[in-house]
Structures are given as structure tokens and as C-alpha cells.
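> Here it is, the structure in full.
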Amino acid sequence: GDEWIVNGQKVWTSFAKSADYGLLVARTDWDVPKHKGISFFMFPMRQPGVEIRPIHQITGESEFNEVFITDAVVPQHNLVGEPGGGWSVLQLALAYERRLMGDLARTSRSARKPQADSDSLIGMARQSGTLGDAHVRQEIGRVEGYAAVNRWNTQRAKATTDRAEAATLMALGKIAMSRILHETARVQTEIVGPASMLTGADNPVGDAVTFRTLNAYVPSIGGGTDEILRNIVGERVLGLPKEPEPYRSTPFRDLPTS
């Protein structure tokens, strides 16, 4: 009729507990190869048959969730694009997500309760009395250099009319964001020293550095793992050969399952 009935499970769903809708990619045709036959839906989250289980993260938060879907209903008008054409819609959605994450590389939340000036590397070094240290200045300069190049790549991605080039640049931006956050955490740890091992309200600087260090692993997964995005850059920018795909033309239902 005019509805789709969905069954399945998904892990690492951001903010599922508070979402009214989710972006859902579901297989709707099992007789075509894997990148075909999937459809893209705006999925109503608040309905029977949707079970959400928060995931306890290393930071103590639960932004990510597992979602279990059993005989849930999606109206036909919630289909985005054509049936079976969801892969191209998904690539566009992912590209925008990666561009957003790239934009947020230096403004990403670095503490449970940001500490104003100490939230920046320069401010933290100034407060700790290490801003005059040549090594610390060199490390801060390296992170600032990464951030500057990332901004230029993001501007280029926004300006180009070539969708393939834009998608590749967005992948670069996402990798850069992950690198910037990890490097920022490393340099913060070096600036703060032993205090970076302290957490809790009584140790706001150490707590912020600890949170940044643990939280840096989140963007290494979200929006496409660092490994997947390096594959994209390797193939599309460096011209490296694709990994073997022996089942590229095999209908999805015929793929080996073990």
C-alpha cells in the first residue's frame, strides 16, 4: 500500500533518544548488488516498534545509541528520492555531515563545562606559564597550521561545483577534524602536565583535558571512520587501486553470510 514496514538494527545513532525523525537507509530490493536496492527514508522515531538503548561512552555520556526496529511503519511520502536510489542520497547527506564536522574542528566542545580562555591552546599555555617555551609554541603552531589548512579545504569544498571534488574535500575535512582534535588533546596534556590526570569539579583544567582526550575518539568514528575516509582519499585523490570487490555484481541476497 502506501506504507513501508521496517525491521532492523543500527548502532552508533547520535541523539536517538531526543530525535523525532532519523535518517534511515533500508534495503528494499534484495535482487540487485549491494549499492543498489537501498532506499532513503525520513523515519519517525516516536512510534511502537522502536527501541532505543543508550550506549555508555568513555566520557560518561550517552550521545550515541543502539536502535532496534521491529515492524515499524514509514509512510510512502517519507521516501527521499526513488526506491532503490538511496545510496546517492546517502552520499550527499554524508558529505554535508562531514563538511559540518570539518567546520567544527576547532569549535568542537572540549570540556563538559568550557573554561573560556583556557579552552584555547594559547590561553591554556598562558595560564600555565608555558607560552614562552619554544617547544610548546612549536606544538601550538603545528595544531594551528592543521586548522588553517582545514579551513582552506572547507572553503574550497563550498566553492567548487564539481560534486566528486566536493565530496573528496569533505572527506579530507573530516579526517582533518579528527587529527586536529587528537593533536589538540595531546598538546593540552603536554601543557598541563601531571594535572591532566585529574578529573572532577575540583580540577577544572585537568578535567577539561581529560574530557578532550577521551572525546577525541568520537569523531574518529562518527561521520565515517578515519579508515574509511582514508580509503576515499587514497582512491580519489592519490589514485591508488581500489580494494578487490569479488561480489561487486552479485545480487545482495546471494552474498556469502559466513
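The values are calculated or read from the model by the stated rules, or taken from the named source; none is laboratory data. Computed from a predicted structure; not experimentally measured. Cβ sites come from the backbone with ideal geometry, for glycine too, and all protein chains shown count toward neighbours. Side chains included, ligands, DNA and RNA excluded: accessible areas come from the protein's heavy atoms. Shrake-Rupley method; radii C 1.70, N 1.55, O 1.52, S 1.80 Å.
> For the range 184-204, enumerate the residues that are closer than 24 Å to Thr225 by Cβ and surrounded by fewer than 18 Cβ atoms within 10 Å (Cβ to Cβ).
Passing the criteria: only Arg186.
> Restricting to strands (runs of 3 or more DSSP E) lying wholly in the range 15-67: which have 3 or more residues that are farther than 30 Å from Asp207 by Cβ, open to solvent by 50 Å² or more (accessible area, probe 1.4 Å) and touching a residue at least 24 places away in the same chain (Cβ under 8 Å)?
Details: elements: 21-27, 38-44, 50-54.
Those strands (runs of 3 or more DSSP E) span 21-27.
> Test Gly123 against the stated conditions and say whether it is under 24 Å from the mean Cα position of the chain (by Cα), at pLDDT below 95 and surrounded by fewer than 17 Cβ atoms within 10 Å (Cβ to Cβ). Before the answer, list the steps.
Values: under 24 Å from the mean Cα position of the chain (by Cα): no; at pLDDT below 95: yes; surrounded by fewer than 17 Cβ atoms within 10 Å (Cβ to Cβ): yes.
So Gly123 does not fit the description; no.
Table: residues versus (1) loosely packed, with under 12 Cβ neighbours inside 10 Å; (2) under 27 Å from Arg27 (Cα atoms); (3) modelled with pLDDT under 85.
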{"residue": "Asn215", "(1), (2), (3)": "no, no, no"}
{"residue": "Pro219", "(1), (2), (3)": "no, yes, yes"}
{"residue": "Gly224", "(1), (2), (3)": "no, yes, yes"}
{"residue": "Leu229", "(1), (2), (3)": "no, yes, no"}
{"residue": "Arg236", "(1), (2), (3)": "no, yes, yes"}
{"residue": "Pro241", "(1), (2), (3)": "yes, no, no"}
{"residue": "Thr250", "(1), (2), (3)": "no, yes, no"}
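> In the range 1-14, what residues are within 23 Å of the chain's Cα centre (by Cα), touching a residue at least 60 places away in the same chain (Cβ under 8 Å), closer than 17 Å to Val73 by Cα and open to solvent by 50 Å² or more (accessible area, probe 1.4 Å)? Before you say what the answer is, go through the steps one by one.
Just the residues of the range 1-14 that are within 23 Å of the chain's Cα centre (by Cα), to begin with: 8-14.
Going one step further and asking which of them are touching a residue at least 60 places away in the same chain (Cβ under 8 Å), we end up with 8-9, 12, 14.
Checking the rest, the ones that are also closer than 17 Å to Val73 by Cα come to 8-9.
Once the filter is applied, which keeps residues that are within 23 Å of the chain's Cα centre (by Cα), touching a residue at least 60 places away in the same chain (Cβ under 8 Å), closer than 17 Å to Val73 by Cα and open to solvent by 50 Å² or more (accessible area, probe 1.4 Å), the range 1-14 yields only Gln9.
> Could you run through the range 68-89 and say how many residues are in a strand (DSSP E or B), small (Gly, Ala, Ser), out of contact with any Gly (no Cβ under 8 Å at 6 or more places or on another chain) and crowded, with 18+ Cβ neighbours inside 10 Å? Don't jump to the end; show me each part of the working.
Residues of the range 68-89 that are in a strand (DSSP E or B), as a first pass: 68-75, 79-80, 85.
Right, trim to small (Gly, Ala, Ser) and you get 72, 85.
Applying the additional criterion that residues be out of contact with any Gly (no Cβ under 8 Å at 6 or more places or on another chain) yields 85.
Still in the list and also crowded, with 18+ Cβ neighbours inside 10 Å: none.
The total comes to 0.
> Would it be correct to say that Leu131 is at pLDDT 85 or above and over 26 Å from Ala201 (Cα atoms)? Before the answer, list the steps.
Details: at pLDDT 85 or above: yes; over 26 Å from Ala201 (Cα atoms): no.
When the stated conditions are applied, Leu131 does not pass them.
> When Leu100 is evaluated against the numbered criteria (1) open to solvent by 40 Å² or more (accessible area, probe 1.4 Å); (2) in a helix (DSSP H, G or I); (3) at pLDDT 95 or above, which criterion, by number, is the only one it fails?
(3)
> Ok, one more. Quick one: which helices (runs of 4 or more DSSP H) sit completely within the range 161-253 and have at least 3 residues that are among the acidic types (Asp, Glu)? Full working, then the answer.
Details: elements: 163-192, 204-215, 226-236.
In the range 161-253, 163-192, 226-236 are the helices (runs of 4 or more DSSP H) which contain 3 or more residues that are among the acidic types (Asp, Glu).
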